[in-house]
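The structure appears right after this line, and notes come after that.
Quick note: the coordinates plus some simple rules give every number you see, no bench work behind them. The shown structure was predicted, so the numbers you read here are calculated from the model rather than taken from an experiment. As a convention, Cβ positions derive from the backbone with ideal geometry for all residues, glycine included, and neighbour counts pool all protein chains shown.
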Amino acid sequence: MMAWLQNHSLTVLTFLPLAGTLLIAFLRRDAAKVIRWVALIFSLLTFLLAIRVFVDFSPHQAGMQFVEQRPWIGEPPINYTLGVDGLSVVLILLTAFLTPLAVLASWTSITSRVKEFFAFLLALETGMIGVFVALDLFLFFIFWETMLIPMYFLIGVWGHERRVYAAVKFILYTMIGSALMLVGILYIYNVTGTFDFQAILRQLSTGEYPLSGAAQTWLFLAFFVAFAIKVPLFPFHTWLPDAHVEAPTAGSVILAGVLLKMGTYGLLRFCLPFFPQASRAFAPIISVLAIIGILYGALVSMVQPDLKKLVAYSSVAHLGFVVLGIFAFNISGIEGAIYQMVNHGVSTGALFILVGMLYDRRHTRLIKEFGGLATILPVYSTFFMIVTLSSLGLPMLNGFVGEFLIILGAFRAKVTYGALAAVGVVLAAVYLLWMYQRVFYGEVTNEKNRSLPDCDLREKIILVAVVVVILFMGIYPQPFLRRMDKSVAQVLQRVGQSGPYYALQAPARPTERTR
Amino acid sequence: MITFQPADLIRILPEVILSAFAVLVMVLEPFIPAGRKGFLAWTSLVGVITAGVGVLETSLLPGKERILAFGGMVAADHFALYFTALFLLVAGLTVLGSMNYLERDRINHGEFYALVLLATVGMCFMAASTDLMMIFLGLEVSSISTYVLAGFKRHEVQSNEASLKYFLLGSFATAFFLYGIAFVYGLTGTTNLLALSERLARPSQWPLLAHVALILMFVGLAFKVSTVPFQIWTPDVYQGAPAPVTAFLSVGPKAAAFAVLLRIFLGGMASAGNLTFWVIWLSAILTMSLGNLAALAQSNAKRMLAYSSIAHAGYVLVGIAAGGPEGTSAVLFYLLAYALMNVGAFVMIAHLAGTGERSTNIEDYTGLAFQRPGIAACLSVFLLALAGFPTTAGFLGKFYLFRAAVHSHLIGLTIIALLNSVVSVYYYLHLVVAMYMRQGKTEASTAAVPWPLGAALAVSVAGIFYLGLYPNHFLVLARFASNPLP
């Protein structure tokens, strides 16, 4: 039994939340308390397992680890193949970390149809982890699409006023992208005769089945559009503000924290290694779009009257950084991008939780309704401050490490990119600090706010967990970066073969020199 | 000359059994008192199951893959048996789904079940025939039974209108088909598909009129599968007919006509070349796109599903355009998946619509999930499967169709088909939105699901997930069944 678990740790990790869903399905509808605890316990167990996988993951080994493979569908040959590398292992940890927080954040705010809510939330976790561990294109696509259904219900049933519109928009946007991706997957199968990620990569890189230039361009675009919509890269971002704002807190946390990362994960996992020439050819355009996203997201955030919208648009800017880092094609850019994916998940997830807490108390998110909260809610304000600073990239906190590496990578790729991205950092400071100032400082402007209660124990647990992670990742990023090294080097080797960017790569990142 | 051999009978054993039970039901009908017509339903269900055993018996017959009977008029090959099994499944689900419906709407007459069985016999013959004349006879048997079924609610104008429309346009279509057969016979002196494939082996042997004949036959079948522009009758008939009959109509005759299309266009007359391909290619695009776009605008659930079934015919045509063993087996697999999803959706609607089918508007289902979470979840499974979400049969069905299309380098067609299925997500979700995301008191019937219907639903849902997650067995069957075709 134990040996089986050892050999199938990824399967267990992926389907443990789904087991929770099934268990909840058999619980009585009115046993809300039991249902919440079941959801929490299952998500925490998943988190422990994810930590286990993360710790056991060997940084010295290139390629996939914890690989499981068994035949699934005979015709065409589709295998159930799971595995993690340095890229996915950190994203799994992020997913498993955010889900219990999402469960806790919904503890009291979800009162109707509790059973379905937590069932969907756990099913969603299975879908998300599945996307990150699947190493068969078909299996990946299954998780990628199936995951939309629980998210659709989370937004559409438990969301705010315009929830139906937001939910339908979310699902349709994503599906247009994935329809194109499915054509791409089928085409690749037609060329290589397999859906296996590693086999395809091997065949493409050894030149056994070379793709023509035109085919590579079209395939790159088919995959890229699917991922760019998910990221979302400017100008594919219009679904994001709607979905994030209308979703319930847990939905926003998961959307911002994990779902957006699927896009950037897909870029790194599939687009770059499969289509290196096309990636290089499109890199300038994509970098410019990413920079537009950074600046546009920041400027739009600045003028939002609604806290949740502000946080939502800040995601566009943050993900712009990630894409910029990826398409810098050097080790600091890509590692910074992966690191920033996790950072954004933690910080923005936490911001959504914080905004949700405020909404639970006052049933409004308009900035002008607040002011001077720091004196009324000292604990809450402190936590909000730390998370805000982490989001804007203050040194010693997690955001700094990621942004610094990305900007460094961007500078190496092209000085203009780096300079413009740095402007984005300044703008982030402006909109976040200005928001903080208006909400928390000054006199109490609204009498209704005087009687607001400060954080209770449940909220403190959530926030302490977040702050611990923020500090840890800000001070000691090595455990994460170390695990990425080999995988990122592999991607770079594939992209950089004769690329102009790779030649520029100086002694990687600063932390490496001191080691 | 055709000589009758007793051994031929065993090759059409399922059809024989079904016909016998159909006669039995009609003979018993006068002796069963009004309140107990359910007995006839069970009788016909026993007939369906016995015929299923007959399929197994026939499939175990020794011999070559193509077992011809009655002097080459009928083949008991795997292709025929696959379709026979499919039709039996549809008939069985329809009988289970209509028992309580007929009772509720006070039209519980025994001949309903006899007609379902006879229509099934006709469909089986359509799939099994290797002679154009036999195909025509099968088409007529199934058509005439279904015309009556569509108008089974004698006292309702809508049902009468449906029946009349179906009859008029249907007979028009069969006339086209017959006309095509006449041309073929005049040109080649035979109606046997095997003989035809020898006589028209190369495109150079094709006289111009043979192309005309082919188009005429295509038009006739296009009416039956309701491809654009021959789909005009579909929404009205599907809406007007009693909902369980619609379930039957939208799957059975459609699949049978597809079987004939495959037999003629990829079998006997496959050498027609480019013309056939482009006709199918074009009608695939038109059918998918118009079906989906029209479905977007519907406010009635039955009508929406009618347009959706038009769109699904378009997806199947993509597989036929792809051709080859990949295309054919994908079509066979898809038709099975489609049968489960569509019959499930329609019999569910039949139940929810309540007495006299009053509540078939999408609005009527507002807030259903609050009152009947189980029913809402079940209907959602059918809808999401129709929309093609993974882990359901609908996804894998489409996956195989599109894989075959990409394999045949029909990339453009595949992209159009996939974008179409994104459009379809919108209208399927429309119903899901009403059930789950809008507050209100539902107008739909909240009566408990009677157990025969429950059984039909359970079979459909289980089948949808089984095919969606572990399709290996049925893939092998579909592959095997597509072997007799080139």
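Here are some notes:
- Mean Kyte hydropathy of -1.0 or more with a Cα span along the axis of at least 30 Å, helices from DSSP in chain A: A:32-56, A:163-192, A:276-302, A:331-362, A:415-440
- With the convex hull of the Cα atoms taken as the outline of chain B, the averaged projected area works out to 20.9 nm².
- Among the lysines of chain A, pairs at least eight places apart or on separate chains and with Cα atoms under 17 Å apart come to 7.
- Those lysines that a straight Cα-Cα span of less than 20 Å connects to B:K153, excepting residues fewer than 8 apart in one chain: B:K37, B:K165, B:K302
- Here the residues A:V288, A:V322, B:V23, ranked from fewest to most Cβ neighbours within 10 Å of their Cβ, fall in the order B:V23, A:V288, A:V322.
- The chymotrypsin sites (Phe, Trp or Tyr not before Pro) of the range B:397-472 include none that meets both conditions, a loop assignment by DSSP and at most 11 other Cβ atoms within 10 Å of the site Cβ.
- Net charge dipole size for chain A [Lys, Arg +1 and Asp, Glu -1 on Cβ; Debye, nearest 20]: 480 debye
- Dipole in debye (nearest 20) - the range A:287-509, about Cα centre, beta carbon charges: Lys, Arg +1; Asp, Glu -1: 320 debye
- Average projection, convex hull of the Cα set of the range B:45-199: 10.1 square nanometres.
- Over chain A, the fraction of Cα-Cα pairs per 10 Å bin, rounded to whole percents and listed from the shortest bin up, is 4, 20, 32, 28, 13, 3, 0, 0.
- Cα convex hull volume per residue for the range A:336-419 (Å³): 110 Å³
- Pair A:Q478, A:K460: separation of 7 Å Cα→Cβ label points (nm): 3.4 nm
- With Rh defined as the Kirkwood radius, the inverse of the mean 1/r over Cα pairs, the Rg/Rh of the range A:356-486 is 1.07.
- Taking other Cβ atoms within 10 Å as a rough exposure proxy, A:D360, A:D196, A:D306, A:D30 sort from fewest to most as A:D30, A:D360, A:D306, A:D196.
- Neighbourhood charge, 10 Å Cβ-Cβ cut-off, centred on B:E326 and excluding it, Lys, Arg +1 and Asp, Glu -1: +1
- Of the residues B:H312, B:H109, the one with the fewest other Cβ atoms within 10 Å heads the list, and the complete ranking is B:H109, B:H312.
- Diffusion coefficient, µm² s⁻¹, Stokes-Einstein with Kirkwood Rh over alpha-carbon pairs of the range B:316-445 at 10 °C and 1.306 mPa s: 102 µm²/s
- Furthest towards positive pole of dipole, A:F197, A:A62, A:L299, structure part the protein assembly as shown, Cβ charges: A:L299
- Range in chain B, longest, excluding exposed trypsin sites (Lys or Arg not before Pro) [loop by DSSP; at most 13 other beta-carbon atoms within 10 Å]: B:155-357
- Share of pairwise Cα separations in the range A:311-367, more than 19 Å, in percent: 41 percent
- Dipole magnitude of chain B, debye to nearest 20 (Cβ charges: Lys/Arg +1, Asp/Glu -1, about Cα centre): 480 debye
- Of the residues A:S178, A:A428, A:T21, the one whose Cα sits farthest toward the positive end of the charge dipole of chain A, with +1 on the Cβ of Lys and Arg and -1 on the Cβ of Asp and Glu, is A:A428.
- Neighbours of A:D136, meaning other residues whose beta-carbon lies under 13 angstrom from its beta-carbon, give a summed charge of 0 when Lys and Arg score +1 and Asp and Glu score -1.
- When shorter helices are ignored and each DSSP H run of at least 4 residues is given -39500 (n - 2.57), the per-residue value for chain A at 222 nm works out to -24000 deg cm²/dmol.
- Estimated translational D of the range B:332-390 in µm²/s (Stokes, Kirkwood radius over Cα pairs; 4 °C; 1.567 mPa s): 106 µm²/s
- Cα-Cα separations in the range A:287-509 greater than 29 Å, expressed as whole percent: 30 percent
- Binning all Cα-Cα separations of the range B:32-133 at 10 Å, short to long from zero, yields these whole-percent fractions: 15, 41, 26, 14, 4.
- The orientation-averaged projection of the convex hull spanning the C-alpha atoms of the range A:1-79 amounts to 7.6 square nanometres.
- Alpha-carbon gyration tensor eigenvalues x 5, square-rooted, for the range B:1-58, Å: 29, 14, 5
- Sites matching chymotrypsin sites (Phe, Trp or Tyr not before Pro) across the range A:348-451 that sit in DSSP coil, with at most 15 neighbouring C-beta atoms within 10 Å: A:Y441
- With the biggest extent put first, the Cα atoms of the protein assembly as shown measure 96, 63, 53 Å across the principal axes.
- Each residue of the range B:19-29 is assigned a 3J(HN,Hα), and the resulting list reads 4, 4, 5, 4, 5, 4, 4, 5, 5, 6, 3 Hz, derived from the Karplus form 6.51 cos²θ - 1.76 cosθ + 1.60 (θ = phi - 60°), x at Gly and Pro.
- R0 of 51 Å, Cβ-Cβ distance B:A447-B:L286: FRET efficiency to nearest 0.05: 0.80
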